[in-house]
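Colleague: Submitted below is the structure of interest, expressed as structure tokens.
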Amino acid sequence: MDSDRRRDENQDADWIFATDDPQTLPTERLPDRAEFDRYAAPLLARRRAEAVLPPSEQMTTDLSDLDGDALRAGSEPEARTGAIPMIELDADGADGDADSSPGTTSGSEMPGTTSPLRAPRDQTYARSGTTPNAEDSEDSGRGVDGLVLPDRFKELGVFDALRDVLALVCMVTALTTTFTVAHSTLVDGVGKIAIGVGLVALVAVHLLRWIPKAPPLTAIRAVRVIGLLPALLVAVGTVLSDLVLSLPVLFASLPDGPPVGLGIGVPLLLLGAIIGIEPRAHEGYLPQARARRVARIGLVGVGIGAGVALLLALVMIVGRMFTTGWAYSLLTIGDTVISVLLLGIVLASALLRERSWYVFSTAAVGGLALAALADNTLQLQFAAPLSFATDFVYLPFLFAALGLMISRSFVRTMPISFRRTDWLVFTVRAFEFSAVLHVAAVLWHLLAALVATTGLAPGGTVLHLIDAAVCLCFVAVSLFARTSLLSRPAMTARANGVISGLILVVVGFLDVIVNSLATGAGAGLVTGGTALAVGIAVALMLTVPAPVRDEFGAPDIARMFADFRSRDSGSVSLLNQVPDVTEETARKKVFPGR
């Protein structure tokens, strides 16, 4: 302490305002009032000497020269709004200055005190304490990037708008792509007429809803249902016509192709009709218990139809072993196994109401539908023409299930959430999905390698064996990542999941390139396309969503994984030990408070 005092003798008297290194200044005492006044006096003098700016509308009048006795009780600034009330003048002062101009002041006149103040805005902040929310202002009604929608569109929901856009795109694509393999004039002509009527109905319902000031909601709902019903009936009728005409030639060689054949246009038309035929919320429709029951019965009907198609495909495969040859039957068995697994996962997730599988299955089939829209360019294998006489027809049932699963009648029966821990659940489901389907891909490559010995399969035996080994690696990586997310420490599990996703992306991309050069096949399950898509999805789900934060606002990966792992075990989560502050953080606070 003595050495500090001796070193401090060379400092200024008001040491706390010195310019030396703060690490060399003593901190055991604070300046007294006299020291502070000595330092503040030149600063105040310098401020008074500065040029006075004209008062703006956001400034108040300086009342420092007013006598305190002249201020009445109750004339203090209002604590909540900050408004300063008018101070009334004395009677003599008012009489003496009656002739004064508004722009002049006399000695007995006090300056006005009603300069407008901007009321302080209510501000709320995120729990981290660093990110302020958007404030309520005059332009709070502005949309994204300044886009302002008229008041008549305020009832248009994003979910309904996206479904209408998807229905429109599906029907337009069905009009421009392959509808039937046989190019039947009757079937193709009726299909184009039904698509045209459906497109006109989709446009008409929006014109009737948004142009009139008092839209006829009942008529709008009727136009939507009646206009899209032909498209739905034509799509279902085309599938049934292929089924009926395929029965007589179920075991024939068919050198000229199937009698009808279902192109990608039929499943797309079916999807667009199912999505578009349901009335929307802005048309005054609210799904009741009956509508929800119909949606569930529709999914059961799709499952029954897929089961009938599977039985018919198995009969066709067994019969063709004696008429067409065992090589064709083996390849068809491999394709059927993959299709059955995909259909089973999607239908089981919806009918059993397994929330995480439902969300992931809907996203996966939605990705297939978006890819099918570009099939004319990509030539994807899963979107190739099918027929009951030659294959297991699964794509119409898959797209019909997707249309029912994203309908408002069915979505209202599913408890869906997208919390931070839910993204970890979706990541686990993605790895499980990858493992199951790539096991089927290994079986397909083994069967294709066997068929390649006869020269009837695309690619050689060696190529299919290498692809089988690659798909087996995909299975091992997916299982490893799933086990890590479920059991390893939080930081290690997250790192392992991201690295596994990157491995799926890199190896899957290389597999797609090699197969496209060797056999001309597009991206698919057996060529690495699914691994590529799953790898990108899991890497985004593990890195993009913000983690759970602790009481200090710092990311807490361990707490997030603990809550994720305790979801199905019935154990108490760490988050249950955190007090519920939802109401307190949602309450708007005004400073200064009263």
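Colleague: What helices (runs of 4 or more DSSP H), lying completely within segment 345-429, carry at least 3 residues that are under 29 Å from Y285 (Cβ atoms)?
Modeller: Numbers: elements: 355-373, 375-378, 395-405, 408-411.
Ranges flagged: 355-373, 395-405, 408-411.
Colleague: Would you say L207 is touching a residue at least 60 places away in the same chain (Cβ under 8 Å), open to solvent by 40 Å² or more (accessible area, probe 1.4 Å) and out of contact with any strand residue (DSSP E or B) (no Cβ under 9 Å at 6 or more places or on another chain)? Reasoning before the result, please.
Modeller: Working: touching a residue at least 60 places away in the same chain (Cβ under 8 Å): no; open to solvent by 40 Å² or more (accessible area, probe 1.4 Å): yes; out of contact with any strand residue (DSSP E or B) (no Cβ under 9 Å at 6 or more places or on another chain): yes.
No: the conditions fail for L207.
Colleague: Regarding segment 325-334, can at least one residue be identified that is without any contact (Cβ under 8 Å) to a residue 40 or more places away in the chain, of a type in the set (F, W, Y) and either crowded, with 18+ Cβ neighbours inside 10 Å or farther than 25 Å from L240 by Cα (or both)?
Modeller: Checked segment 325-334: at least one residue is without any contact (Cβ under 8 Å) to a residue 40 or more places away in the chain, of a type in the set (F, W, Y) and either crowded, with 18+ Cβ neighbours inside 10 Å or farther than 25 Å from L240 by Cα (or both).
Colleague: Based on this model, can you work out whether F410 counts as farther than 14 Å from V294 by Cα and open to solvent by less than 10 Å² (accessible area, probe 1.4 Å)?
Modeller: Numbers: farther than 14 Å from V294 by Cα: no; open to solvent by less than 10 Å² (accessible area, probe 1.4 Å): yes.
The answer is no for F410.
Colleague: If you don't mind, another one. Could you check segment 350-407 and list, in sequence order, the residues that are within 16 Å of G263 (Cβ to Cβ), in contact (Cβ under 8 Å) with a residue 60 or more places away in the chain and β-branched (V, I, T)?
Modeller: Result: T390, V393.
Colleague: Oh, and also: Any idea which residue in segment 136-171 is modelled with the lowest pLDDT, counting only those that are farther than 18 Å from G366 by Cβ, in a helix (DSSP H, G or I) and open to solvent by less than 90 Å² (accessible area, probe 1.4 Å)?
Modeller: Ranking the candidates gives G146 first.
Colleague: Same structure, new question: Out of (1) more than 34 Å from the chain's Cα centre (by Cα); (2) under 23 Å from P396 (Cβ atoms); (3) modelled with pLDDT under 90, the odd one out for F322 is which?
Modeller: (2)
Colleague: Any idea which residue in segment 289-315 is modelled with the highest pLDDT, counting only those that are open to solvent by less than 80 Å² (accessible area, probe 1.4 Å) and farther than 23 Å from V346 by Cβ?
Modeller: V315
Colleague: Name the residue, out of L395, L373, that is closer than 23 Å to G522 by Cβ and crowded, with 23+ Cβ neighbours inside 10 Å. Write out each step before concluding.
Modeller: Numbers: L373 fails: crowded, with 23+ Cβ neighbours inside 10 Å.
After ruling out the rest, the residue left standing is L395.
Colleague: Same structure again: Kindly indicate which of D242, D256 is among the charged types (D, E, K, R) and surrounded by 24 or more Cβ atoms within 10 Å (Cβ to Cβ).
Modeller: Numbers: D256 fails: surrounded by 24 or more Cβ atoms within 10 Å (Cβ to Cβ).
When all the criteria are applied, what remains is D242.
Colleague: In segment 376-392, which residue that is among the aliphatic types (A, V, I, L, M) and buried (at least 23 other Cβ atoms within 10 Å of the Cβ) is nearest to T362 (Cα to Cα)? Write out each step before concluding.
Modeller: Filtering segment 376-392 for residues among the aliphatic types (A, V, I, L, M) gives 378, 380, 383-384, 386, 389.
Subsequent filtering for residues that are buried (at least 23 other Cβ atoms within 10 Å of the Cβ) retains 383, 386, 389.
On the way: A383: 18, L386: 23, A389: 29 Å.
Selected residue: A383.
Colleague: Also, quick follow-up: Please go through (1) open to solvent by 50 Å² or more (accessible area, probe 1.4 Å); (2) in contact (Cβ under 8 Å) with a residue 12 or more places away in the chain for D422 and return the number of the only condition it doesn't satisfy.
Modeller: D422 satisfies all of (1) open to solvent by 50 Å² or more (accessible area, probe 1.4 Å); (2) in contact (Cβ under 8 Å) with a residue 12 or more places away in the chain except (1).
Colleague: Still on this structure, please answer the following. Given the conditions (1) crowded, with 16+ Cβ neighbours inside 10 Å; (2) touching a residue at least 24 places away in the same chain (Cβ under 8 Å), report the number of the one that V223 does not fulfil.
Modeller: The one condition V223 does not meet is (2).
Colleague: Which condition does A231 not pass, out of (1) over 25 Å from L311 (Cβ atoms); (2) in contact with a helix residue (DSSP H, G or I) (Cβ under 8 Å, 6 or more places away or on another chain); (3) open to solvent by 70 Å² or more (accessible area, probe 1.4 Å), if it passes all the others?
Modeller: (3)
The values are calculated or read from the model by the stated rules, or taken from the named source; none is laboratory data. This is a predicted model, so every value here is computed, not measured. Glycine gets a Cβ as well: all are built from the backbone with ideal geometry, and neighbour counts include every protein chain shown. Accessible surface is based on the protein model in full, side chains and every heavy atom, while ligands, DNA and RNA are left aside. Shrake-Rupley method; radii C 1.70, N 1.55, O 1.52, S 1.80 Å.
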